[in-house]
Amino acid sequence: MIYNEQSSVNVTAVAAVMQHNTSGILVKGNVSSLSELNGKKYATWGLQGEEAIVRYFLQEGGADISTVEFVPNTVENIVAEFTNPAGVDCLWSYLGWDVTKLNTEGIANTFFRMSDYIDALDYYTPVIIANNDYLKDYEEYARKFIKATARGYEYAIANPRAAADILMEENPELAVDSELIYASMEVLKGEYKADASQWGYIDQTRWDTFFDLMWELRTEGMTGPVTDGYGFTNAFLPA
């Protein structure tokens, strides 16, 4: 069976920015397992797909999901939230940002990285996507863009501090927390390409496995399985 709405999605993923999923459940304080989140407050963005994944992850980790309170909260300041006794107890976050920020500030936290526990949640995030018509009509421009982007990430891998300086030069507002930017780049330098043969590569098995889970969980917008290999290509990566 083919997902009957996939043909209307006129974009294709052409490169993976990160080789592995760096997101997970970030918990206030020190805990040993997800089962310790029973009766705790989780900050939700209120998205059906998000909550489906989180409920699945928590349940697989031993939590009694019926006791976890999903509280609408788009946490903008992780330090303020985790130092507030009345704040939420956990949220979905990323290794290179909130986790790194708490670690640089010396604030106790526990991070359950999804890809460490469930293979199907080692999906590609974020990815670079392109309009299919553009890829067809301007193939050479697309190849040049991805080639230049790959060179940029290779530079960041080899020169994380210099890359952070460039990032802050182009985005001065980030310089107010330069310690975080430097620390984040140090963390992410090993994540951009990781164990792949080249930056941007997408493995079909991992790609398909994630969408199979999304269909199993009946996440929002899924009216059927996604065809194996649909929605991505490695064809625009540098040879």
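Observations
- The portion of the accessible surface of region 101-239 made up by carbon and sulfur, rounded to a whole percent, is 51 (1.4 Å probe; DNA, RNA and ligands excluded).
- Among residues other than E60 with Cβ under 13 Å from its Cβ, the summed charge is -3 (Lys and Arg +1, Asp and Glu -1).
- Pairs exceeding a 23 Å alpha-carbon distance, out of K147/K193; K41/K189; K41/K101; K101/K189; K136/K189; K136/K193: K41/K189; K136/K189; K136/K193.
- Average Cα contact separation per residue, region 1-138, under 8 Å, 6 or more apart, as relative contact order %: 44 percent
- Reachable aspartates and glutamates, given that their alpha-carbon falls under 17 Å from the alpha-carbon of K40 and they are not under 8 places away in the same chain: E51, E60, D64, E69, E81, D89
- Descending semi-axes in whole angstrom, ellipsoid equivalent of region 47-98, from the Cα gyration tensor: 20, 13, 11
- Taking label positions 7 Å along the Cα-Cβ direction at both L47 and V9, the computed distance is 1.3 nm, reported to one decimal.
- For region 7-98, size of Cβ-based charge dipole, Lys and Arg +1, Asp and Glu -1, in debye: 60 debye
- Here the dipole of region 87-146 is about 140 debye; that uses its Cα centre as origin and unit charges on the Cβ of Lys and Arg (positive) and Asp and Glu (negative).
- Full extension of the chain segment joining T74 with N234 gains 54.2 nm, where the gain is 0.36 nm per residue of separation less the Cα-Cα distance.
- Per residue, the chain exposes an accessible area of 52 Å² to a 1.4 Å probe, with every protein chain left in place.
- Out of every Cα-Cα pair that region 1-80 contains, those further apart than 21 angstrom amount to 46 percent.
- For region 68-141, the Cα gyration tensor yields ellipsoid semi-axes of 35, 15, 14 Å (square root of five times each eigenvalue, largest first, whole Å).
- Local net charge near P225, Cβ-Cβ under 10 Å (Lys/Arg +1, Asp/Glu -1): -4
- Restricting the calculation to Cα atoms, the chain shows an Rg/Rh of 0.98 when the hydrodynamic-style radius is the Kirkwood one.
- Protection proxy ranking of 23-34, 143-154, 89-100 - average other beta-carbon atoms within 10 Å, highest first: 89-100, 23-34, 143-154
- Centre separation in Å (Cα based) which lies between region 142-170 and region 1-76: 29 Å
- Lys, Arg +1 and Asp, Glu -1 on Cβ, resulting dipole of the chain about Cα centre, debye, nearest 20: 280 debye
- When both bridge partners sit in the chain, DSSP labels roughly 70% of those beta bridges antiparallel.
The values are calculated or read from the model by the stated rules, or taken from the named source; none is laboratory data. Computed from a predicted structure; not experimentally measured. Heads up, the Cβs are rebuilt from the backbone with ideal geometry, glycines too, and the neighbour counts pull from every protein chain shown. We work out accessible area using only protein heavy atoms, side chains counted, and drop any ligands, DNA or RNA first. Shrake-Rupley method; radii C 1.70, N 1.55, O 1.52, S 1.80 Å.
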